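Notes for the one structure printed next.
The values are calculated or read from the model by the stated rules, or taken from the named source; none is laboratory data. Bear in mind the structure is a predicted one, so any value in this text is a computation, not a measurement. Here Cβ is always computed from backbone atoms with ideal geometry, including for glycine, and neighbour counts include all displayed protein chains. Quick note on the areas: whole protein, heavy atoms, side chains included, nothing else; ligands and nucleic acids left out. Shrake-Rupley method; radii C 1.70, N 1.55, O 1.52, S 1.80 Å.
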Amino acid sequence: MTKINLTYHLKNIRHYYGNTKVLDIEDLKIEKGSITGLIGPNGSGKTTLLKLLAFAGRPTAGNILYNGRQEFPFSPTIRSKVTLLTQKPYLLKRTVFENIVYGLKIRKDKEYLETRVKKALSTVGLDYQDFAPRKWHELSGGEAQRVAMAARLILKPEVLLLDEPIASVDAKSAKLIREASLKARDTWGTTLVIASHDLQWLYSISDRQLSLFKGNIFSTGIENIITGPFEKINGESLVKTLGDGQAITLKGPAPKVCTAVIKKDSISIDLKKQAGDSGLNQLSGLLASMLLEKKSGHIMATVSIHDLSFVLRLTPDKISRLNLYPGKKVILRFHSNEVEWI
Ligand code: ADP
């Protein structure tokens, strides 16, 4: 039997803030050299999970094995190998050069600093001559995030945890951060876990995606979450009316439950509405983006319907048959039975 090389193994993790449970993960394995994407609405527990993976605190209950061993906050093993980059990077009130070498200096590693800083900066697309002497306040948001990323890359981390790394950066920085992340994995076998609201960006970088909701991993892969309130009709259907007047009808659950999951594989796309079946949801929207899924050869598409964004899978055949391209008006179709309530 081949032994899977795990960076993390989480067992029966529960985390509370006061009396509120914010994370509940029974079993989660993260393989070495993998890139895991975390998706979920605000407050679903992504940051809490990343902090636990960074060993910045202990879970209220449960075990986190790191490389097969139980580790604890501030253990020297972790400090030199696991690093977390947050949405708003914290930079020291010093030059870019000093910010980047800070982690090395703590480790009393002082060799070839200039060459290494040059390399780290070039990985994130910043010129050494121009940027190394700059002060922390002489950087745009995207440049500051790239400097923070370079400060982590210079440590050749075993694990790089990124919490909304592109939420406040420009498109060029987002692209460079993506490339630098992939390079870290390819060069050093770094394991990455990344939380992002940008599904397209996350999808283009990660090997697998975990959907979090209310502290639970409810699915492997990106799925569509529709939050309430829903209006109850005929006792068994629930309706959500969108701002543009369109309505989504779903077969109803127990009274209090108010979040629906529509699996992406339950959704299809067409150019015209189909007559007949009253159980079908048929919503007009715009095809917002299409992205090739590395493993399957399918295309992951997003469709915007008023202020909701749906993801679904398309085959290349369907794309050519319907002549689909981003910006095209489409009909999104799914049955009102195809819902899971969480
Ligand atoms: P996400 O990153 O998905 O937005 P978080 O992990 O930040 O989610 O938050 C999960 C839940 O825990 C939220 O309900 C949030 O309000 C709560 N929470 C986060 N940090 C704290 C804290 N330090 N004290 C109390 N509650 C917190």
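Some observations on this one:
- Partner lysines whose Cα lies under 19 Å from the Cα of LYS232, excluding those fewer than 8 positions away in the same chain, are identified as LYS240, LYS251, LYS256.
- Diffusion coefficient (Stokes-Einstein, Kirkwood radius over C-alpha pairs, 10 °C, 1.306 mPa s) for segment 224-341: 107 µm²/s, rounded to a whole number.
- The Cβ shell under 12 Å around ASP163 holds other residues with a net charge of +2, Lys and Arg each +1, Asp and Glu each -1.
- Rounded to the nearest 10 degrees, the inclination of helix 113-123 to the longest alpha-carbon principal axis of the chain is 20 degrees.
- Flagged links, alpha-carbon separation over 20 Å, of LYS273/LYS328; LYS88/LYS172; LYS21/LYS214; LYS51/LYS135; LYS32/LYS105; LYS32/LYS214: LYS51/LYS135; LYS32/LYS105; LYS32/LYS214
- Peptides 283-292, 29-38 ranked from most to least packed, by the mean per-residue count of other Cβ atoms within 10 Å: 29-38, 283-292.
- Each peptide among 257-269, 132-144, 60-72, 159-171 gets the average number of other Cβ atoms lying within 10 Å of its residues, and from highest to lowest they stand as 159-171, 257-269, 132-144, 60-72.
- The distance between label points at ILE106 and ALA247 comes to 5.7 nm (points 7 Å beyond Cα on the Cα→Cβ vector).
- Full extension of the chain between LYS175 and ILE319 yields a length gain of 49.2 nm, computed as 0.36 nm times the residue separation minus the alpha carbon distance.
- For segment 6-218, the solvent-accessible area of protein heavy atoms averages 47 Å² per residue (probe radius 1.4 Å; ligands and nucleic acids excluded).
- Only lysines eight or more places from LYS108 in sequence, or on another chain, were considered; those with a Cα closer than 17 Å are LYS81, LYS156.
- Sorting the segments 42-50, 103-111, 238-246 by their mean number of nearby beta carbons within 10 angstrom, highest to lowest, gives 42-50, 238-246, 103-111.
- Nearest 10 degrees, 0 to 90: helix 171-188 Cα axis against the chain principal axis: 70 degrees
- For segment 224-341, the solvent-accessible area works out to 52 Å² per residue, with a probe of 1.4 Å and every protein chain left in place.
- Sequence-ordered 3J(HN,Hα) estimates for segment 6-19 from the Karplus curve with 6.51, -1.76 and 1.60 and θ = phi - 60° stand at 9, 7, 10, 9, 9, 10, 6, 7, 10, 10, 10, 10, x, 9 Hz, glycine and proline given as x.
- Among LEU139, HIS197, LEU238 the positive-end extreme of the charge dipole of the chain (Cβ point charges): LEU139
- Convex hull of alpha carbon positions in segment 1-55: directionally averaged projected area 4.7 nm².
- Computed P(r) (all Cα pairs; the chain; 10 Å bins; percent): 5, 22, 28, 24, 15, 6, 1, 0
- Percent accessible area from carbon and sulfur atoms, segment 224-341, protein chains only, probe 1.4 Å: 52 percent
- Per-residue Karplus couplings for segment 53-60, computed as 6.51 cos²θ - 1.76 cosθ + 1.60 with θ equal to phi - 60°, are listed in order as 5, 7, 6, 7, x, 9, x, 4 Hz, Gly and Pro entered as x.
- Using the Cβ-Cβ distance between ASN12 and ASN234 with R0 = 45 Å, the FRET efficiency computed as 1/(1 + (r/R0)^6) comes to roughly 0.60.
- Label-point gap, in nm, between THR187 and ARG58 - each point 7 angstrom along Cα→Cβ: 3.6 nm
- Here TRP341 and MET290 are evaluated by their C-beta separation; at R0 = 41 Å the FRET efficiency comes out at 0.90.
- Helix 96-106 vs. the chain, principal-axis angle (Cα, 0 to 90°, nearest 10): 70 degrees
- Computed in the context of the full set of protein chains, the accessible area of segment 6-218 at 1.4 Å probe radius has 50% of its extent on carbon or sulfur.
- Note on LEU65 and ASP127: with the Förster distance fixed at 35 Å, the Cβ-Cβ geometry gives a FRET efficiency of about 0.25.
- Under a model in which nothing but the beta-carbon of Lys, Arg (+1) and Asp, Glu (-1) is charged, the chain shows a dipole of about 840 debye around its Cα centre.
- Once both labels are positioned 7 Å from their Cα atoms along Cα-to-Cβ, the gap between THR20 and THR227 label points is 1.2 nm.
- Spatial offset of segment 194-245 relative to segment 1-56 amounts to 19 Å, using the alpha carbon center of each.
- Value at 222 nm in deg cm²/dmol, rounded to 500, when DSSP H runs of n ≥ 4 in the chain each add -39,500 (n - 2.57): -7000 deg cm²/dmol
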